[in-house]
Amino acid sequence: MSQETSSAERHVRRFIRPALWALVLVPAPLLIAQLLLDQLGADPIDKLERLTGEWALRFLIASLAVTPLMRLTGWGWLVAQRRFLGLAAFFWAFGHLSVYTVLDWFFDWQEILKDVTKHLYITLGMLAFVIMVPLALTSTKASIRKLGGVRWNKLHALVYVSVIAACLHFVWAVKQDITEPMIYGGIAALLLAFRVVWRPTPRASIRPPVG
Amino acid sequence: MLIRRPDDIPSSEITPESIYQNRRQFMGAAGALALGTVLSPAALQALGRTGMGMQDDKVTPEEDVTSYNNFYEFGTDKEEPKELAKDFKPMPWTVQVEGLVKKPRPYSYDELVGKLSVVDRTYRMRCVEAWSMVIPWRGVMLRDVINRVEPLPSAKFVEFTTLFDPRRMPGQRSPVLPWPYKEALRMDEAMNSLTLLATGMYGKSQLPNQNGAPLRLVTPWKYGFKGIKSIVKLRFTDKMPNTTWADANPSEYGFYANVNPQVDHPRWSQAKERRIGEFIRRPTLMFNGYAEQVASMYSGMDLRRNY
């Protein structure tokens, strides 16, 4: 049994990075190709805005899945994937914000400012992004060393605020049919609930899951 | 721009090729931006002005108007209605006329709109979601239909109902809106010379299913959701009827739904809109640019409260 587990672990450990890199690198060029080939429908800007936002949320939620997965499998090395997925989420969120600023509003700062301050779902989206900035900036190993594990973990707990803001942003961005945002929100809620329900006892913790 | 007889529309406007050309250029520009190519804002501004034709009202390509639809009876994604409505058979069609009319009874499609004078009108269509199109409708004036069915003088409103048939309209199997879809107009709005009952578009005598075949309301000074599709009932009444979006979400949608750049939707601004096929948003016009024809109907009304 333990033999099987460890061989599974070896396989996953070998292929996880290439698989994640593929997941990160494939959608963006695909989207750009669709844009250039006019495959994004009648309102490509709206479509692009939705799709970049969805990818950001997918990676953000995926980063949230790492800790539970680590506790369930006992594979401590998974922790490195958490930062990788978080960074991927940040880059998609940056793309999402860029589409909003450049393509949707074309630097119309007056309207953008009005949008961010007057419309709660835009405020929440902006909050979700702003929180990700310091997290992305401190995603290096050097930053972990500099801040120390405890402080680093505390800072990065802000991701919970970011993901909740992002989910609410999605729910309120949708006009009427909230099926899709509720699916994302439900998964995020489960992953957050896992942390509340299954707190690591000193015995269960594998090693301080920093990074 | 307001009203065009068919002979006034140059064939170059009906043929969407040139516009497609434009859109491709825009795609290139957008793509370059997405790729992070260094382009100065000034250069882009110039591109926006010269390449996209900011202020004119070119007819939107038929392909876009028939593939980008809010018709929740056939799915909530805008691409869905084209696919999910393709086997819908609108004929034979009956419209129930009831309420405060001389003789309430069912009318066949031909009895209701047959032999009325057919008009071709190119109108702007402004969606409440802040995008817009320019659509060459074909249809009859609602006023002519109303005169034909003879409402009583006591009728103050006319209410429209969409077909309810979840077997033929799969979107109705999910409770995303309170079915059937209902809309209504005050009698003066219904009798306004802009108001059409569309039966076709782009010079064709039949509407595509995804655009509301066979009968669809067109009120170009109101947000698009007032343009109820696949109408099976006209009811004349003296009380303001409930309407579907106002029922589903009363704080966000009202009875009048007049296009108004000064009154925002609670969740987004209505000051600007993106014309489908263009890049930079253009300012939204009061009553969608039809103030001259409709503003007098609302004089003295607080349009902030009567949204």
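Every read-out reported here was derived from the displayed coordinates using simple, explicitly stated rules and does not represent laboratory data. In this text, all values refer to a predicted model and were calculated from it rather than measured experimentally. Ideal geometry is used to build each Cβ from the backbone, glycine not excepted, and the neighbour counts take in all protein chains shown.
I need the trypsin sites (Lys or Arg not before Pro) found in segment B:157-253, filtered to DSSP loop residues with at most 15 other beta carbons within 10 Å of theirs.
For trypsin sites (Lys or Arg not before Pro) across segment B:157-253 that sit outside H, G, I, E and B with at most 15 neighbouring Cβ atoms in 10 Å, the list reads B:R167, B:K204, B:K239.
How far is it, in nm, from the label point at B:M187 to the one at A:V171 when both lie 7 Å from their Cα along the line to the Cβ?
For B:M187 paired with A:V171, the spin-label model returns 4.6 nm.
Calculated FRET efficiency, B:S108 and B:R305, Cβ-Cβ r, R0 30 Å, to nearest 0.05? Walk me through the intermediate numbers first.
Values: r = 41 Å, r/R0 = 1.37.
Approximately 0.15, to the nearest 0.05.
Cα centroid distance between segment B:185-201 and segment A:6-72, in Å?
Each part's Cα centre sits 48 Å from the other's.
Between B:S117 and B:D165, what is the FRET efficiency for a Förster distance of 41 Å, r being their Cβ-Cβ separation, to the nearest 0.05?
It comes out at approximately 0.85.
Sort B:C127, A:C167 so that the residue with the fewest other Cβ atoms within 10 Å of its own Cβ comes first and the one with the most comes last.
Least to most surrounded, the residues fall as B:C127, A:C167.
Give me the one-decimal nm value for the distance between modelled label points at A:V130 and A:S6, 7 Å along each residue's Cα-to-Cβ direction.
Between A:V130 and A:S6, the label points sit 5.0 nm apart.
Mind running the shape call on the protein assembly as shown? Use the C-alpha gyration tensor, a ≥ b ≥ c as the square roots of the eigenvalues: rounded below 1.5 for a/c, prolate if a/b tops b/c, oblate otherwise.
Because a/c hits 1.5 or more and a/b exceeds b/c, the protein assembly as shown counts as prolate.
Given a Förster radius of 25 Å and the C-beta distance between A:R17 and A:R195 as r, what FRET efficiency does 1/(1 + (r/R0)^6) yield to the nearest 0.05?
In this case the efficiency is close to 0.50.
Between A:T101 and A:L25, 0.36 nm times their residue separation minus their Cα-Cα distance comes to what?
Additional length available on full extension: 25.1 nm.
Quick check for me: using +1 on Lys/Arg Cβ and -1 on Asp/Glu Cβ, what's the dipole size of the protein assembly as shown about its Cα centre, in debye to the nearest 20?
I would put it at about 2000 debye.
With θ set to phi - 60° and the Karplus curve 6.51 cos²θ - 1.76 cosθ + 1.60, what are the ³J(HN,Hα) couplings of segment B:217-234 in order, to the nearest whole Hz, using x for Gly and Pro?
Here the 3J(HN,Hα) series is 6, 10, 10, x, 8, 10, 4, x, 5, 5, x, 4, 10, 6, 6, 10, 8, 10 Hz.
Rounded, prolate or oblate: which one fits segment A:2-197, using the alpha carbon gyration tensor with axes a ≥ b ≥ c (rounded when a/c is under 1.5, else prolate when a/b beats b/c, else oblate)?
Values: a/c = 1.85, a/b = 1.53, b/c = 1.21.
Since a/c reaches 1.5 and a/b is larger than b/c, the shape of segment A:2-197 is classed as prolate.
For B:V232, list long-range residues whose amide hydrogen, built 1.01 Å from N in the peptide plane, is under 5 Å from its own amide hydrogen.
B:T161, B:T162, B:L163
Alpha carbon centre of segment A:95-144 versus segment B:262-293: separation in Å?
Answer, in whole Å: 25.
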